[in-house]
1. If you go through the stretch 98-122, how many residues are without any contact (Cβ under 8 Å) to a residue 40 or more places away in the chain, within 16 Å of LEU151 (Cβ to Cβ) and in contact with a helix residue (DSSP H, G or I) (Cβ under 6 Å, 6 or more places away or on another chain)?
2. Go over the candidates VAL156, VAL186 one by one and state the one that is surrounded by fewer than 20 Cβ atoms within 10 Å (Cβ to Cβ) and farther than 27 Å from ALA62 by Cα.
3. Sort out which residues of the stretch 56-93 are open to solvent by 20 Å² or more (accessible area, probe 1.4 Å), among the charged types (D, E, K, R) and within 17 Å of LEU157 (Cβ to Cβ), and write them in order of number.
4. Of all strands (runs of 3 or more DSSP E) completely enclosed by the stretch 1-93, which ones contain at least 3 residues that are among the hydrophobic types (A, V, I, L, M, F, W, C) and within 30 Å of ALA103 (Cα to Cα)?
5. Confirm whether LYS136 is within 16 Å of VAL9 (Cα to Cα), outside any loop (DSSP other than H, G, I, E, B) and either open to solvent by 20 Å² or more (accessible area, probe 1.4 Å) or polar (S, T, N, Q) (or both).
6. Within the stretch 68-98, count every residue that is closer than 20 Å to ARG211 by Cα and either hydroxyl-bearing (Ser, Thr, Tyr) or at pLDDT below 95 (or both).
7. Scan the stretch 127-136 and tell me whether some residue there is within 26 Å of VAL46 (Cβ to Cβ), polar (S, T, N, Q) and at pLDDT below 95.
8. Hey, ALA162 hits all of (1) of a type outside the set (D, E, K, R); (2) free of Cβ contacts under 8 Å to residues at least 24 places away in the same chain; (3) assigned to a helix (DSSP H, G or I) but one; which does it fall short on?
Amino acid sequence: MHLLLSGIVGSVAYGLAGPGSDVDRIGVFAAPTVAFHGLHPPRESVVTTEPDVTLHEAGKYARLALSGNPTATELMWLPDDCYETRTEFGERLIAIRSAFLSAPRVRDAYLGYATQQFRKLTTRDSDVGGRRRSAKHARHLARLLHQGRVLYATGVLEIRLADPEWFRAFGERVAGGALDEAEALVAAAERAFDEIRTPLPDQPDEETVERWLLDVRAAHL
């Protein structure tokens, strides 16, 4: 395994981390190219807990990012202080990050993941642990909708939130019973996506992404 790019993502990167927050890491690695031709292809992902680390092989990572997957995408847009590994291929990946973007996939991914968080809110528990989880789901819902709208409108993914306290307060209100506020936020985001004139293309630049991936393969024979 050759680690190409890795960093701290999640609540720490967003500025939403609290005293009990986990530190989540994600990274991209290159498996030996020859291994893809054997009987047992290399693992496409390596996931560990304690510490929470998710590593994706370069090919899988490219497919995830091309699909608009928010967690995969954010690795290429992190603040400099969140990166822990930056190789030459990692720098090249950051340089072509806009090539992964397309309007329909950004819209579908960010609205889709936010809707998942909303569904979790509707099945929440009423105990203290359940309320804590509900606040977390609500924060992530609001954060996904905000980041998705900004990315859709500007072509730039905002990782570190300018006003994290607003998201914390929103999470507490929703966990306290203001589920209608979360529902209204989703509806407002859907309208915003309909109204925004996005600079993003209809299709990602797969040629640029594939050129990067083929160079990775050639360098790791």
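1. Here the count works out to 0.
2. One residue alone meets the criteria, VAL186.
3. Listed by number, the residues that qualify are ASP80, ASP81.
4. Output list reads 2-9, 24-30.
5. Values: within 16 Å of VAL9 (Cα to Cα): yes; outside any loop (DSSP other than H, G, I, E, B): yes; either open to solvent by 20 Å² or more (accessible area, probe 1.4 Å) or polar (S, T, N, Q) (or both): yes.
When the stated conditions are applied, LYS136 passes them.
6. So the answer is 3.
7. No, the stretch 127-136 has no match at all.
8. Here ALA162 clears every test but (3).
The values are calculated or read from the model by the stated rules, or taken from the named source; none is laboratory data. As the structure is a prediction and not an experimental result, all values here were calculated from the model. A quick note on method: Cβ atoms are made from the backbone with ideal geometry, for glycine too, and the neighbour counts reach across all protein chains shown. Areas reflect the complete protein model, heavy atoms only, side chains present, ligands, DNA and RNA absent. Shrake-Rupley method; radii C 1.70, N 1.55, O 1.52, S 1.80 Å.
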